[in-house]
Amino acid sequence: MGIEGIGARVLRKEDKRFITGKGRYTDDMVVPGMKHAHFVRSPHAHADIKKIDTKKAMAMPGVIGVLTGKELKADGIGNIICGWMIHSKDGSPMKMGAWSPLATETVRYVGDAVVIVVADTKGQARDAAEAVEITYKVKKAVVSAVDALKSGAPQLHPEAENNLIFDWELGDSKAVDAAFKNAAHVTKLDIVNNRLIPNAMEPRATLGVYDGAEDHYTCWTTSQNPHVARLVMSAFYNVAPENKLRVIAPDVGGGFGSKIYIYPEEIVCLWASKKTGVPVKWNSDRTEAFLTDAHGRDHVTHVEMAFDKSNKILGLKVDTVANLGAYMSLFSSATPTYLYATLLSGQYNIPAIHANVRTVYTNTAPVDAYRGAGRPEATFVMERTMETAARELGVSPTDLRRQNFVTSFPHQTPVIMCYDAGDFGASLDAAMKTSDYAGFAKRKAKAAKEGKLRGIGMSCYIEACGIAPSAAVGSLGAGVGLWESAEVRVNAVGTVEVLTGSHSHGQGHETTFAQLVTERFGIPGANVNIVHGDTDKVQMGMGTYGSRSGAVGMSAIVKALDKVEAKAKKIAAHLMEADEGDIIIENGELKVAGTDKKVPWFQMALSAYTAHNLPSGMEPGLKEGAFYDPSNFTFPAGCYICEVEVDPDTGTTKIIQFVAADDFGNIINPMIVEGQVHGGIGQGIGQALLEGAHYDESGQLLTASYMDYCMPRADDLPSYQVSHQCTPCPSNPLGIKGCGEAGAIGSPPAVINAITDAIGNNNLAMPATPLAVWNAIQAAR
Amino acid sequence: MYETNYHRASSVSDAVKLMKKAEDPKLLAGGMTLIPTMKQRLASPSDLVDITRIADLSGIKVSGKTVTIGAATTHFDVSTNEKLAKVCPALCALASHIGDPHVRYRGTIGGSIANNDPAADYPSALLAMGATIITDKRTIPADKFFKGLFETSLKDGEIVTAIEFTAPAKAAYSKFPNPASRYAMTGVFVVKDKDGVKVAVTGAGEGGVFRHKGLEAALDKKFDAASVDAVKVDAKGLMSDMHATADYRAALIKVMTKRAVAAAA
């Protein structure tokens, strides 16, 4: 592997600029004549707009423009759409309500954008925003998805009767019914997967610049996928045709899913720039981020699992209601369906599965994919159910899992997915060994003497990454293909630029992707630059989410490297008068195998560009591009074990140890992978113990600041013990599976299984705050 | 933040003068509550009168058992003062857990008690120790000073200049922080002195900081954590919110009292 190649713990190249404050984020961008925007947002969760009066605001100092949705519509700017079509089980298409980037008739959640004010300074824009007079007729609001389905509930969109967006199913309900008839035992559980607010370190921001001379737009934005943003804004929102719209996502300070989507602000700032004739910058403040960033999770589920006499799983029935908020965000329909129900087989042989999912409008912020997206919800359902079943059946949770593991591959589940490789027992063994699972009883007894309640819990997760085979997702309703592109440019002196359609917003691509080049050509990582995040530089790409940049993004780079290597060998063979089949590349040199003939890499590159002596008919230059479309999902899997100690007096949970044993297939940079696992588990522990979005009955967000929304701090988290098992992924050239979301997917049920084990009450919802745990302890007494 | 005029007072009398001249002024000490509130546009004072540079207002004097702390003394200085640590380590410990290092370097004891946040730590210590609050006009005993949520007996423009108390024989503070804000969700300051035991509770009461007579009576009989077990702490009058119900706070009052007693004994 060399010191910088595949498998090396190369330090992150990008960190120098990040940790010295030299990163360049959207809000750092300054262009001549730039002005500042402030959005007037609805203070009500549900109201009709009776009147908007902008006269006073227009007269305020520094104000350049005060624009409404009426003007936006008049200019032909389209409504925001969801890009994944789901059909209900009766065959009808999902009921997408209109989402105008600026509300014109009705507001549907607190934070809904109504008016944009553009002024010389941020302060002036905000002052003028306060002078905009909007008359609302307040309507009754509904915030819970279950309540929204009840008769008599406030109705959000005329398109969606009873607030129901779709009523979708997957699997074979008849087979499941038959399986349950033969059951010796049925475990039933009601589960809530708590609503989360993403809280990327960098809040969303955008800078829209219209160039009248060229009739051209530039959009700087905090995006995980600038090309998708350009595609959607040109094809659906009618902002500008693609060739007249450049989207740049520079350094982005974390996304976690929330920066996949195209939000009203990008569209409105671009349009407002043309309308006012000045570049328009908007930067979300933290309160706006809490109110308007797409939230995650928010499922209510009833699950039943049937077992035979020997504790083999016979069937699984899942009924889920998913809250999608006030409007359908870009991928909101896919998250609780094809990213959720397709993983409900877990790591287990389950002959029959049926899942029913109803998605619902409520007067809350839109909900969409958030780190893990559907798979944490599926894993929580499966692993809480397995743990509960083991307790009910009086068998060890490890034995019950092991007995039902899928052990031969490929394995076709009843819910679409075909698992291609894995060794679930290996991860379980590793985690049990690291955590000294066998010694737990002793530790529990010792803790009991000190008045503390010890518990241990596990979670054996599997997820689907590397999204996704384009034809497959197309057949399931996706509006886009999910391939990736790459271009490898070898410069005349042999340095290399890799252009990728993936986008790095914390993942360390500039380091990891360069390791592929170093591995292949033996040139130092310092001579390799990764270029991403600009639609003028990279031709096309699908961006970064769903742990896809490794399995899909790097596979595209590998394909392009293959082409570069082939041409480089041809040139070298020609220079050395050797057969190209005899050329090997080692340590930055192209050598004729078995001889001492060699050409340095840079000299070969120079020859490609001087073109003085190339093989006959060969084009000059050395630059190759590739598109890679995966043939299957990838299936990272693993076992997490969490040991906790609960203070019965206060309900406080302390995590004593957290063990992660993951199979990500082959690994390019173990340090970065471990960092991803640490971060993911941190988010999972956050969901399990601390985080939860709360709306009151009227639709006001109670957790709209860090005073009330509890993000994990360093002292809330333990030191993790991580290890990797490896079954290489057979479907991509690097044999990698993806690691970005596993931590957040696998950890919540391990934590809750541990706490419920400690307190002897299985009825505990997330987040397991001290109050929730104390209440559960009281209830069990 | 709306526009405001900033003044740096050179003395207490200068501060009083500046306050009188302004239309809708606010005193600015550490600004740990005021500035974020202004940034959110929830407060819009016409003038800010900064009193943190007035030399007389900062510093800690210990004379025998008598402690005098200037109003503009930071939490950091209270938490690390060696003389104070000798006579009243409980107050140093309390100050060392307020907010985070940034807050402790800027936030002041005078600002904290004048704001009287129901979840602030200092009010419980001052009430339990029977401290005296000294202003530019008068002295106010702690039990007359703290009135309710964010409410004190301070008059408009009155400036807290110092806090004075006699260090108790035994004292300790035990706090259960709100998981999100890390303010006290329930904090109990226990004092045992020659005139008996005092138990002051912050973070829990609907009316702000209060003394719990039942706990005091039980601990007066025997100053031992076990004495708390038999005391009934009523949930009535306690705050209930998404982080803690009144019942839970009632339970926490007992647990925190026991821990404070154990630490003080």
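The single condition among (1) assigned to a loop (DSSP other than H, G, I, E, B); (2) away from every other protein chain (no Cβ under 12 Å); (3) more than 18 Å from residue A:388 (Cβ to Cβ) that residue A:744 does not meet is (1). When residue B:3 is tested against the conditions (1) out of contact with any strand residue (DSSP E or B) (no Cβ under 6 Å at 6 or more places or on another chain); (2) surrounded by fewer than 17 Cβ atoms within 10 Å (Cβ to Cβ); (3) farther than 19 Å from residue A:127 by Cβ, the lone failure is (3). Go through (1) within 13 Å of the chain's Cα centre (by Cα); (2) hydroxyl-bearing (Ser, Thr, Tyr); (3) within 14 Å of chain A (Cβ to nearest Cβ) one by one and return the number of the condition residue B:173 breaks. Among (1) within 13 Å of the chain's Cα centre (by Cα); (2) hydroxyl-bearing (Ser, Thr, Tyr); (3) within 14 Å of chain A (Cβ to nearest Cβ), the lone unmet condition for residue B:173 is (3). Residue B:82: among the acidic types (Asp, Glu) and either buried (at least 21 other Cβ atoms within 10 Å of the Cβ) or within 14 Å of chain A (Cβ to nearest Cβ) (or both), yes or no? Against the criterion (among the acidic types (Asp, Glu) and either buried (at least 21 other Cβ atoms within 10 Å of the Cβ) or within 14 Å of chain A (Cβ to nearest Cβ) (or both)), residue B:82 does not qualify.
Take the conditions (1) in a loop (DSSP other than H, G, I, E, B); (2) of a type outside the set (S, T, N, Q); (3) crowded, with 20+ Cβ neighbours inside 10 Å; residue A:536 misses just one of them, which is (3). The C-beta contact set for the stretch B:234-261 (first residue within 10 Å of residue A:771 (Cβ to Cβ) and more than 9 Å from chain A (Cβ to nearest Cβ), second residue among the polar types (S, T, N, Q) and outside any loop (DSSP other than H, G, I, E, B), distance under 9 angstrom, 6+ apart or interchain) comprises B:249/B:186. Residues of the stretch A:621-632 that are of a type outside the set (A, V, I, L, M) and not in a loop (DSSP other than H, G, I, E, B): A:623, A:624, A:625, A:627, A:628.
Taking the stretch B:178-212 as the search range and keeping residues that are more than 14 Å from chain A (Cβ to nearest Cβ) and of a type in the set (A, V, I, L, M), which one is farthest from the chain's Cα centre (by Cα)? Looking at the filtered set, the residue picked out is B:197.
Only a single criterion out of (1) closer than 29 Å to residue B:52 by Cα; (2) within 14 Å of chain A (Cβ to nearest Cβ) is not satisfied by residue B:168, namely (2). One residue is enough: does the stretch B:51-64 have a residue meeting the conditions more than 18 Å from residue B:8 (Cα to Cα), modelled with pLDDT of 95 or more and among the aliphatic types (A, V, I, L, M)? Yes, the stretch B:51-64 has at least one match. Residues being farther than 21 Å from residue B:40 by Cα and either more than 14 Å from chain B (Cβ to nearest Cβ) or not in a helix (DSSP H, G or I) (or both): count how many of those fall in the stretch A:710-722. Total satisfying the criteria: 8. Condition (residue is free of Cβ contacts under 8 Å to residues at least 40 places away in the same chain and either of a type outside the set (Lys, Arg) or buried (at least 24 other Cβ atoms within 10 Å of the Cβ) (or both)) applied to the stretch A:196-211: is it met by at least one residue? Yes, that holds for at least one residue. Say we look at the stretch A:638-657 and pick out the residues that are among the polar types (S, T, N, Q) and either within 14 Å of chain B (Cβ to nearest Cβ) or buried (at least 22 other Cβ atoms within 10 Å of the Cβ) (or both); which of these is farthest from residue A:518 (Cα to Cα)? In this case the residue turns out to be A:650. When restricted to residues that are β-branched (Val, Ile, Thr) and within 19 Å of residue A:116 (Cα to Cα), the stretch A:223-273 contains 4.
Restricting attention to the stretch B:226-249, which residues are surrounded by fewer than 20 Cβ atoms within 10 Å (Cβ to Cβ) and outside any loop (DSSP other than H, G, I, E, B)? B:226, B:227, B:246, B:247 - these are the residues of the stretch B:226-249 that are surrounded by fewer than 20 Cβ atoms within 10 Å (Cβ to Cβ) and outside any loop (DSSP other than H, G, I, E, B). The residues of the stretch A:658-706 that are outside any helix (DSSP H, G or I) and surrounded by fewer than 19 Cβ atoms within 10 Å (Cβ to Cβ), listed by number, are A:666, A:694, A:696, A:697, A:698, A:700, A:702, A:705, A:706. Checking each residue in the stretch B:56-94 for being basic (Lys, Arg) and either touching a residue at least 60 places away in the same chain (Cβ under 8 Å) or part of a helix (DSSP H, G or I) (or both) picks out B:65, B:83, B:86. For the stretch B:132-166, the set of residues classified as touching a residue at least 40 places away in the same chain (Cβ under 8 Å) and of a type in the set (Gly, Ala, Ser) consists of B:148, B:157, B:162, listed by residue number. Scanning the stretch A:142-161 for residues that are over 20 Å from residue A:192 (Cβ atoms) and either surrounded by 15 or more Cβ atoms within 10 Å (Cβ to Cβ) or in contact (Cβ under 8 Å) with a residue 24 or more places away in the chain (or both) returns A:154, A:155, A:156, A:157, A:158, A:159, A:160, A:161.
For (1) surrounded by fewer than 20 Cβ atoms within 10 Å (Cβ to Cβ); (2) within 14 Å of chain B (Cβ to nearest Cβ); (3) among the polar types (S, T, N, Q); (4) assigned to a loop (DSSP other than H, G, I, E, B), each residue gets a yes or a no:
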| residue | (1), (2), (3), (4) |
| --- | --- |
| A:708 | no, yes, no, yes |
| A:730 | yes, no, no, yes |
| A:740 | no, no, no, yes |
| A:750 | no, no, no, no |
| A:755 | no, no, no, no |
| A:758 | no, no, no, no |
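Would you point out the residue of the stretch A:274-301, among those that are hydroxyl-bearing (Ser, Thr, Tyr) and assigned to a helix (DSSP H, G or I), that is farthest from the other protein chains (Cβ to nearest Cβ)? Applying the filter and picking the extreme gives A:276. Report yes if some residue within the stretch B:166-183 is β-branched (Val, Ile, Thr) and part of a strand (DSSP E or B); otherwise report no. Within the stretch B:166-183, one or more residues are β-branched (Val, Ile, Thr) and part of a strand (DSSP E or B). Candidates A:753, A:762, A:732, A:775: the one that is within 19 Å of residue B:176 (Cβ to Cβ) and either touching a residue at least 60 places away in the same chain (Cβ under 8 Å) or not charged (D, E, K, R) (or both) is A:775.
The values are calculated or read from the model by the stated rules, or taken from the named source; none is laboratory data. These figures come from a predicted structure and were not determined experimentally. Note that we place each Cβ from the backbone using ideal geometry, even for glycine, and neighbour counts take in every protein chain shown.
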